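K.L.:
One structure coming up, written as C-alpha cells, with questions to follow.
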Amino acid sequence: MSKIEELNTNIFPTWCPGCGNFAILSAFKNAAVQKGWDNSNTVLVAGIGCHGNILNFIKLTSFEGLHGRSIPVATGIKLANHRLNVFCFMGDGDGLGEGGNHLVHACRRNHDLTVLIHDNGLYSLTTGQTSPTAPHGFKSKSTPLGNPDYPVNPVALAIASGSTFVARVYAANIPKLTEIIIKANEHKGMSVVDILQPCFTFNKEYTNQFYQQNTYWLGEDHDPINKEVAFKKAQEWGEKQIPLGIFYQVEKPSFEEDLPQLKEKTLIEDAPLQRDLTELFKKYS
Amino acid sequence: MENSQIYSIKIGGQAGQGVKSAGLMLSKFAARSGFNIFNYTEYPSLIRGGHNVMQINLSAEEVSAPSKRDDLLVALNQETADKHLPELTEAAEILFDQDSGFDTGKVSSQIRLFAVPLSRLADEAGGNDLLVNSVALGAVVALWDGDLGILHDLLAAEYADKGQQLMDENKKAAQLGYDFIKENFADKLKQVFRVGEKGATKMVLNGNDAVALGAIAAGLQFAAIYPMSPASGILHTLALHQEQLGYVYKQPEDEISAINMAIGASFAGARSMTSTSGGGFSLMVEGYGLAGMTETPLVIVDGMRPGPATGLATWSGQGDLLFALRAHQGDFPRIVLAAGDVKEAFDLTMEAFNMADRYQTPVVLLIDKNICEDEQSYPLFDVSPYSIERGKLTFSTQDNYHRYSSSEDGISLRAVPGSGNFFIANSYAHTEEGFTTEEGNVTQEQMKKIMAKLETCRRESMKAPQLFGPPEADLTFVSWGSNKGSIQQAIKKYPNVNFLHLIWMNPFPAEAVKEALEKARYVVDVECNFSGQLAALIREKTGIDILDKMLKYDGRPFYPEEIEDKIREVMKQ
C-alpha cells in the first residue's frame with residue numbers, strides 16, 4: 001500500500017468523537033504506508049472492546065478473536081507463518097484483565113509479535129466500568145465508592161515477564177506513536193507498547209489535558225538495555241512524572257528464530273504432507 | 001488348547017516400580033510370539049507409592065477387552081498378591097518375590113506358587129531396583145515356555161539409547177529369572193508362548209499413540225496441547241517427533257491458550273489440533289465456538305475421564321458426550337465423533353483433519369481413558385487409502401474475494417493471511433467480507449450458511465453405524481466408546497445377540513439408528529456415565545426411549561463377563 005486511502009475500508013468508525021482510538025488508527029496507517037505493510041505480509045489480531053473495532057477500519061487481513069485472547073491467536077499465526085508481521089491490538093481490560101496470563105507467557109517466550117495496548121483505564125464498550133489500569137479510588141459504574149484495587153503497571157509487567165521491547169506512548173502524539181509502532185515491529189521478539197488513550201465519554205481523570213501536563217519523554221541519557229533502570233523508570237507515575245518512550249530493548253533470539261523446524265521455511269510453505277509411518281510403527285512392535 | 005482361549009496375566013506393584021513398562025514389554029513379547037493383545041491398566045494419580053497394575057490379555061484370536069480373572073499374577077510387592085487373590089482362576093499361578101514375606105497360607109491349594117528371589121537376582125544382575133522387572137519378565141517367559149531371545153531383543157531395543165551397561169544388566173537379569181524357573185520348576189512349565197504362529201509384525205499401541213500417529217499421517221503442521229490425564233500421551237508422542245518431521249508442538253500456558261493458538265495457526269493455513277480431557281475442554285469451550293463462528297478448521301481430541309471437576313483423574317468415563325454436543329452459547333456446526341477402539345482412534349483422527357478442512361469448523365473426537373491408555377495389538381496400519389483433502393482453500397490472490405460468500409453447501413472459499421486477500425475472520429456477527437454487522441438479515445443469512453455445512457456433512461461424509469452380530473436378534477446392545485471391545489467379545493458366543501456401535505454423534509445417523517432399533521426385540525443401552533447420555537441423544541433424534549440401561553460411573557470398564565451376565569438375565573425373561 002502506498003497511500004493511506006488504500007488502507008481505508010468503507011466502514012465508518014463507530015468510536016465516539018475525539019476517541020483516542022482515532023489517533024491510534026491514524027498512526028498505524030501511517031506506519032503501514034511507510035513500511036509497506038500490506039495483505040501479502042501483514043496480519044492483524046484484536047480482542048473485544050472498543051479497540052477491537054479497529055480491524056473494521058483497516059484494509060488488512062485480520063482475525064477478530066475473543067475478549068482477552070488475541071495473543072494466543074497471534075502466537076498460532078506467527079508459528080504457522082513467521083514471515084508475516086503480526087500485530088496484536090488489545091485493550092487494558094481485554095489484555096491485562098481477561099487475557100493477562102497470555103501476555104505474561106508470550107513475553108517470557110519472546111514470540112516475535114507487536115502488541116499494542118489501547119490503555120484507557122476503563123471498560124468503555126460496556127459503558128464504563130473500572131479496568132485493571134484504573135487508579136485506586138477511581139469512581140466508575142462498577143466502583144461507585146471508589147476503586148478498592150490498585151492498578152497493574154503494563155510497562156513493569158512486560159519488562160518483568162521477559163518482553164524484549166517495552167515502550168509507552170501517549171495516543172494523541174501521532175508522529176511519535178507512528179515511530180514507536182514501526183520500531184516495535186522492527187524489533188525481533190516480543191514488543192509491548194502501552195498506549196495511553198483518553199476516553200472522552202467515560203474517563204474524566206485520564207484526559208488529554210492530564211496526559212499533556214504529566215507525561216515527559218525519556219531522554220537520550222536513558223539506557224534501554226539496562227533492565228534495572230528500565231524497571232525503575234517504569235515505577236514512575238504521578239504529577240509530571242509519567243515517562244514515555246522506549247523503556248527497555250534488548251537483542252535476544254525470538255521464539256520463532258530458535259525453533260529448528262522454522263529455520264528453512266514456514267510451516268505452511270509446503271502443503272501438509274501425508275507422512276509415511278513405517279519407521280514410527282517399528283517403535284510399537 | 002483352543003485358539004480362542006484368552007490368557008490373562010496381571011503384573012502389579014507400587015507406582016514407580018515400572019509396572020507399566022514391564023507390562024508393555026511383556027505384551028510386545030507376546031505379540032512377537034504370535035499372540036493378539038489387549039492391555040488394561042489401573043493406577044492412581046500418583047508418581048510414587050500407590051498400587052499400579054497392568055493386565056495383559058493374550059489370545060491366538062482377537063482379544064479386545066479386559067478380563068475379571070487372571071491366570072497368572074506377577075506380584076512385585078505384597079499388596080498385589082493380597083489384593084488380586086480373589087480374581088485368580090482355579091488353576092492360576094502366582095509369581096512372587098521369595099523374600100517379600102507373602103503369606104501363602106491363605107492361597108487355595110490349587111493355585112500354583114512360584115517363589116522367585118526377584119530382588120536377590122536383581123542385585124546379582126547389577127543392583128538397580130528396576131532390574132526386578134527384567135528378572136520377573138525372564139521368569140514369566142520361562143514359566144510359559146517362551147523364547148528368551150525375543151525378550152533379549154526387546155530389552156536391547158528398549159535400552160539402545162540408555163547405555164550398554166544398563167542394557168547388559170537387564171539382559172542378565174532376564175536370564176537369571178529365566179534360569180531360576182527352568183532349574184527349580186522344570187516340571188511345572190506351561191506351554192503357552194510356543195504355540196502361536198508368529199505371523200506378520202504386530203504393533204502394540206494405545207489410543208493416545210494412535211491419535212498422535214494419525215495426526216502425523218494426516219499431515220499435522222501445528223499442535224498446542226496442555227497436559228492433562230489421560231490424554232497427555234498424545235502430546236508426549238507429538239513432542240518427540242516434531243523436529244524430525246517438521247511440524248510444531250507447542251506447550252501453552254493453559255487450555256484457553258491451547259485452543260486459541262491452534263485456531264490462529266489454522267487460520268494462517270496450518271493443519272492444527274489440540275487435545276485435552278473434560279476439564280481442559282471446559283476451558284476450551286469459548287474457543288470451540290470461536291472456531292465455529294470464524295469458520296476455522298480445528299481438530300479437538302477429548303480423552304474422557306469421570307467428572308465433574310477433578311473427578312477421577314486416571315480412570316475412565318464417557319460423560320462428555322452431551323457436553324461436546326452442547327458446549328458453547330448459540331448454534332454452530334460441530335462435528336462430534338467417538339472412537340470405539342485404538343484403530344478407530346487412528347482412522348477417525350485422520351478423517352477429522354479432512355472434515356475440519358472440508359467443513360471449516362471444529363471436529364471433536366471423543367475417546368475414553370480405556371482407549372487412551374490401554375494397548376491393543378494390530379497388524380501395521382495401512383494408511384495408503386487415505387488422502388489429504390483440504391476443501392475450498394486458496395493461498396493465492398482472488399478477484400473480489402469475500403471470505404464468507406454464500407453458497408449452497410454452506411462452504412465458502414477460505415483464504416489465508418499473506419495471500420493478498422483482504423478479509424476479517426470475525427467472532428462478531430459479520431458480513432460476507434467479514435466486517436462486523438448488526439443487521440438482522442445478514443446475521444440470519446450467515447447463520448443459515450454455517451449451519452448448512454452440517455447438512456452437507458450429513459449428506460456427504462456421515463457414515464451409518466456398525467451392527468455387529470446377526471442382522472436380527474433377540475437382544476440388541478447399543479453403545480459407544482471402549483465398551484465396544486467388551487460387548488463384541490461377549491456376544492461372540494450368543495447367536496441371538498447383536499450390537500449397534502455408534503461413532504457419529506453429530507451429525508447423527510438418526511434414520512439408520514431408528515431402523516436398527518425398531519427391528520430389535522429387546523434393547524439394552526451400555527454406557528459409562530450416570531444419566532445414559534447416548535440413550536438421551538437417541539431419544540432426542542429418533543423418539544425411541546431405551547428403558548434398559550447398563551450404566552457404570554465408577555471409572556472402571558465394563559468387562560465381557562458383565563455383558564454376558566446381562567445376556568443371560570435378559571434371555572431368562
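K.L.:
Got a number for residues in the range B:247-277 being touching a Phe, Trp or Tyr at 6+ places or on another chain (Cβ under 8 Å) and more than 12 Å from chain A (Cβ to nearest Cβ)?
P.N.:
Residues that pass the stated criteria total 1.
Matching residues to (1) more than 23 Å from A:Val152 (Cβ to Cβ); (2) hydrophobic (A, V, I, L, M, F, W, C); (3) open to solvent by 10 Å² or more (accessible area, probe 1.4 Å):
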site	(1), (2), (3)
A:Thr164	no, no, no
A:Tyr170	no, no, yes
A:Pro175	yes, no, yes
A:Ile182	yes, yes, yes
A:Val192	no, yes, no
A:Tyr211	no, no, no
A:Thr215	no, no, yes
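K.L.:
Find the strands (runs of 3 or more DSSP E) located wholly in the range B:15-110 whose residues include 3 or more that are without any contact (Cβ under 8 Å) to a residue 12 or more places away in the chain, of a type in the set (S, T, N, Q) and not assigned by TED's automatic domain parsing to the domain that holds B:Ile150, and list them. Steps first, please.
P.N.:
Details: elements: B:36-42, B:51-59, B:70-75, B:88-97.
Here the list is empty.
K.L.:
If I ask for residues that are assigned to a helix (DSSP H, G or I), without any contact (Cβ under 8 Å) to a residue 60 or more places away in the chain, surrounded by fewer than 24 Cβ atoms within 10 Å (Cβ to Cβ) and not hydroxyl-bearing (Ser, Thr, Tyr), which ones from the range B:273-318 would you list?
P.N.:
Once the filter is applied, which keeps residues that are assigned to a helix (DSSP H, G or I), without any contact (Cβ under 8 Å) to a residue 60 or more places away in the chain, surrounded by fewer than 24 Cβ atoms within 10 Å (Cβ to Cβ) and not hydroxyl-bearing (Ser, Thr, Tyr), the range B:273-318 yields B:Gly278, B:Gly279, B:Gly280, B:Leu283, B:Val285, B:Glu286, B:Gly289.
K.L.:
Still on this model: Assess whether A:Asn56 counts as being within 8 Å of chain B (Cβ to nearest Cβ), farther than 20 Å from A:Asp119 by Cβ and free of Cβ contacts under 8 Å to residues at least 60 places away in the same chain.
P.N.:
yes
K.L.:
Could we say that B:Ala215 is open to solvent by less than 10 Å² (accessible area, probe 1.4 Å), more than 7 Å from chain A (Cβ to nearest Cβ), closer than 20 Å to A:Pro272 by Cα and part of a helix (DSSP H, G or I) here? Reasoning before the result, please.
P.N.:
On the way: open to solvent by less than 10 Å² (accessible area, probe 1.4 Å): yes; more than 7 Å from chain A (Cβ to nearest Cβ): yes; closer than 20 Å to A:Pro272 by Cα: yes; part of a helix (DSSP H, G or I): yes.
It is true that B:Ala215 is open to solvent by less than 10 Å² (accessible area, probe 1.4 Å), more than 7 Å from chain A (Cβ to nearest Cβ), closer than 20 Å to A:Pro272 by Cα and part of a helix (DSSP H, G or I).
K.L.:
Report the residue count in the range A:15-40 for those that are open to solvent by 30 Å² or more (accessible area, probe 1.4 Å) and in contact (Cβ under 8 Å) with a residue 40 or more places away in the chain. Steps first, answer last, please.
P.N.:
Residues of the range A:15-40 that are open to solvent by 30 Å² or more (accessible area, probe 1.4 Å), as a first pass: A:16-18, A:22, A:26, A:30, A:33-35, A:38, A:40.
Checking the rest, the ones that are also in contact (Cβ under 8 Å) with a residue 40 or more places away in the chain come to A:16-18, A:26, A:30, A:34-35.
Number of matching residues: 7.
K.L.:
Now, a different point. I'd like the full set of residues that are without any contact (Cβ under 8 Å) to a residue 40 or more places away in the chain and not in a loop (DSSP other than H, G, I, E, B), limited to the range A:122-174.
P.N.:
Within the range A:122-174, A:Gln129, A:Thr130 meet the criteria.
K.L.:
If you take the residues in the range B:219-246 that are in a loop (DSSP other than H, G, I, E, B) and facing chain A (nearest Cβ under 7 Å), which one is farthest from the chain's Cα centre (by Cα)?
P.N.:
B:Gly246
K.L.:
Being of a type in the set (D, E, K, R) and surrounded by fewer than 24 Cβ atoms within 10 Å (Cβ to Cβ) is the filter here; which residues of the range A:44-84 pass it? Explain how you work it out, then say what you get.
P.N.:
Within the range A:44-84, the first condition is being of a type in the set (D, E, K, R), and the residues that meet it are A:59, A:64, A:69, A:78, A:83.
Answer for the range A:44-84, where residues must be of a type in the set (D, E, K, R) and surrounded by fewer than 24 Cβ atoms within 10 Å (Cβ to Cβ): A:Lys59, A:Arg83.
K.L.:
Which of (1) buried (at least 20 other Cβ atoms within 10 Å of the Cβ); (2) without any contact (Cβ under 8 Å) to a residue 24 or more places away in the chain is the odd one out, the single condition B:Arg414 does not satisfy?
P.N.:
Here B:Arg414 clears every test but (2).
K.L.:
While we're on this one: Specify the residue that is nearest to the other protein chains (Cβ to nearest Cβ); the eligible residues are those in the range A:14-43 that are farther than 15 Å from A:Ile182 by Cβ and of a type in the set (A, V, I, L, M, F, W, C).
P.N.:
A:Val43
K.L.:
Same structure, new question: Looking at (1) away from chain B (no Cβ under 14 Å); (2) part of a helix (DSSP H, G or I); (3) open to solvent by less than 50 Å² (accessible area, probe 1.4 Å), which is the only condition A:Gly245 fails?
P.N.:
(2)
K.L.:
Sticking with this one: Answer with yes or no whether B:Ser405 is away from chain A (no Cβ under 12 Å) and either part of a loop (DSSP other than H, G, I, E, B) or in contact (Cβ under 8 Å) with a residue 12 or more places away in the chain (or both). Full working, then the answer.
P.N.:
Numbers: away from chain A (no Cβ under 12 Å): yes; either part of a loop (DSSP other than H, G, I, E, B) or in contact (Cβ under 8 Å) with a residue 12 or more places away in the chain (or both): yes.
The answer is yes for B:Ser405.
K.L.:
Ok, one more. So which of A:Leu96, A:Leu79, A:Leu116 ends up being touching a residue at least 24 places away in the same chain (Cβ under 8 Å) and closer than 26 Å to A:Asn30 by Cα?
P.N.:
On the way: A:Leu96 fails: closer than 26 Å to A:Asn30 by Cα; A:Leu79 fails: closer than 26 Å to A:Asn30 by Cα.
A:Leu116 is the lone residue from the list that is touching a residue at least 24 places away in the same chain (Cβ under 8 Å) and closer than 26 Å to A:Asn30 by Cα.
K.L.:
Check B:Ser486, B:Ser482 and return the single one that is at pLDDT 95 or above, of a type in the set (S, T, N, Q), surrounded by 16 or more Cβ atoms within 10 Å (Cβ to Cβ) and in contact with an Asp or Glu (Cβ under 6 Å, 6 or more places away or on another chain).
P.N.:
Answer to the check: B:Ser482.
The values are calculated or read from the model by the stated rules, or taken from the named source; none is laboratory data. Quick caveat, the model's predicted, so the values are computed rather than measured. With ideal geometry, Cβ positions are generated from the backbone for all residues, glycine too; neighbour counts draw on all protein chains shown. We work out accessible area using only protein heavy atoms, side chains counted, and drop any ligands, DNA or RNA first. Shrake-Rupley method; radii C 1.70, N 1.55, O 1.52, S 1.80 Å.
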